[in-house]
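Here the structure comes first, spelled out in C-alpha cells, and everything after it is commentary.
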Amino acid sequence: MFAEYARSVWDGVVGQTRAVEQLSRAASSAVHAYLFVGPPGSTKHEAARAFAALLLTGHDDPDTRASRLALAGEHPDVREVERQGARISKEQVSEIIRNASMAPMEGTRKVMVLHEFHLLEAEGAARLLKTIEEPPPSAVFIVLADQVPPELVTIASRCVRIDFSSIPESVIRERLVAEGAPQLAAEQAAAAAEGNLTRARVLVTDTGLMARRQAFAGVPRRLDGTGATVIALCSEMNGLIEAAAAPLAARQAEEAEALEARVAAAGERGSGRKQLEDRHKREQRRHRVDELRSGMSVMAGVYRDALVAGTLPRPEAGVAAVQRIHKALEALERNPNETLLLQALLLELPSI
C-alpha cells in the first residue's frame, strides 16, 4: 500500500526546494518584510500566496478556509498589488501605504504582496522605504521582483531576501505531463520556455510552436541588408507572434466567462472585473515580450552554431551579432516599441 499523498500549500511552487525550506522555517517567527527575487515563471507568485497562507493560519493545510482564499488570491487580509502603468508610481505607493495601515479584517495579521517591484519608480521607492522599515505591527510585506535594480536596493536591504531560480527543463516537462499534457508537447514546451513554467503552460497547447521557432531560426539566412526585407521579416514575425497568443486568449476568455457567471449570481459589487481586465492586458504584453525574447534567443543560437561550424565568412561579425541580440534582449525589459526594436536589430545583423 502506498501512503496517501499529503497536500501542501506549497504544491503550486515548482523547482524551488531551498526557497520553500527557508519560508517554511520563517513562517513561525516572521519578520516585517520579505523580498522574493527570481525570473518570471519561477513560481515566486505562487510561493507568495503559499507563504501568506502559512502566515495567516500557522499550519500547512491548504484545505482550511483561510488557506483556500489566500491561495486563490481572495483572502481579505492578503492584499495583492499589481502595477497600474508601465512602472509603479509614487501615487500607487501612497495607496499601498494607506492599505498597509488599515487593520486586518478577519485576524491579527495583514499580508501585502507587491508584484513586479523591479518596475518601481525612484520617488515611489523613497516613499515606501519608511513603511517597509517600520510597518504597522499587523503588516507583513512580500515584495516580488525579477531582479534588484538601483531603485530597489535600499528597500531590499530592509527585507529578508529569498531567491528563486529558473526551473530546470526536466522539472517543467514532468510538471506539464503530471498536469495532463502529452509527452511530446510537454518536451517541446519545456525546451522553448527557458525555465518559465507560466510560459510553458501556454506553449504546451500551442500547435504552431515549432514552426514559429523554425521561422525565427531562418531569419539570419534571409537577411540581405535591405530595409524592405527587414520590414517584411518583422511583419511576418509579428503575425506569428499574434497567432501564438490564441491559447492565452482562450484561457482569458474562460476566466472572463467565469467572472461574469459570478457577477450574475452575486452582483457587481466587488466583482474584480477591472482587476481581471488589467491582469489580462499585462499577460498579453508579457506573452508578446516572451515570444520576442524566445525568437531572439533562437536567432542568437543560429549565429553561435555558425561560429562553431566555421561557416561565417567573417567570424567577428557573428560575435558582434550575438552581442547585439543580447543588448536587444536587455532592452525588452524597458518596455520599448517592440516592432522598432526588432527592425533596428535586423538592420544590424549580418546574413549567414
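Summary of values
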read-out: Boolean, E151 is surrounded by fewer than 19 Cβ atoms within 10 Å (Cβ to Cβ) and either acidic (D, E) or in the same structural domain as R279 (by TED's automatic domain parsing) (or both); value: no
read-out: Residue list for segment 194-205, filter: surrounded by 20 or more Cβ atoms within 10 Å (Cβ to Cβ) and in a loop (DSSP other than H, G, I, E, B); value: G195, N196, V204
read-out: Residue list for segment 68-121, filter: in a strand (DSSP E or B) and of a type in the set (D, E, K, R); value: R79, E80, K110
read-out: Residues of segment 273-308 that turn out to be among the acidic types (D, E) and in contact (Cβ under 8 Å) with a residue 24 or more places away in the chain, as a count; value: 4
read-out: Residue within segment 23-32 that is within 30 Å of H280 (Cβ to Cβ) and in a helix (DSSP H, G or I) present; value: yes
read-out: Answer residue from segment 58-68, given it is modelled with pLDDT of 95 or more and not acidic (D, E) and is surrounded by the most Cβ atoms within 10 Å (Cβ to Cβ) among those; value: S67
read-out: Residue list for segment 283-300, filter: out of contact with any His (no Cβ under 9 Å at 6 or more places or on another chain), farther than 19 Å from S235 by Cα and at pLDDT 95 or above; value: none
read-out: Residue ID - surrounded by the most Cβ atoms within 10 Å (Cβ to Cβ), chosen from residues in segment 216-262 that are outside any helix (DSSP H, G or I) and touching a residue at least 60 places away in the same chain (Cβ under 8 Å); value: L223
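Results for (1) crowded, with 23+ Cβ neighbours inside 10 Å; (2) more than 26 Å from E151 (Cβ to Cβ); (3) in contact (Cβ under 8 Å) with a residue 60 or more places away in the chain; (4) out of contact with any helix residue (DSSP H, G or I) (no Cβ under 9 Å at 6 or more places or on another chain), shown as yes or no for each residue.
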{"position": "P39", "(1), (2), (3), (4)": "no, no, yes, yes"}
{"position": "F51", "(1), (2), (3), (4)": "yes, no, yes, no"}
{"position": "E82", "(1), (2), (3), (4)": "no, no, yes, no"}
{"position": "R87", "(1), (2), (3), (4)": "no, no, no, no"}
{"position": "R98", "(1), (2), (3), (4)": "no, no, no, yes"}
{"position": "S101", "(1), (2), (3), (4)": "no, no, no, no"}
{"position": "G107", "(1), (2), (3), (4)": "no, yes, no, no"}
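The values are calculated or read from the model by the stated rules, or taken from the named source; none is laboratory data. Note that the structure is predicted; figures quoted are calculated from it, not measured. All Cβ positions, glycine included, derive from the backbone under ideal geometry; neighbour counts span all protein chains shown.
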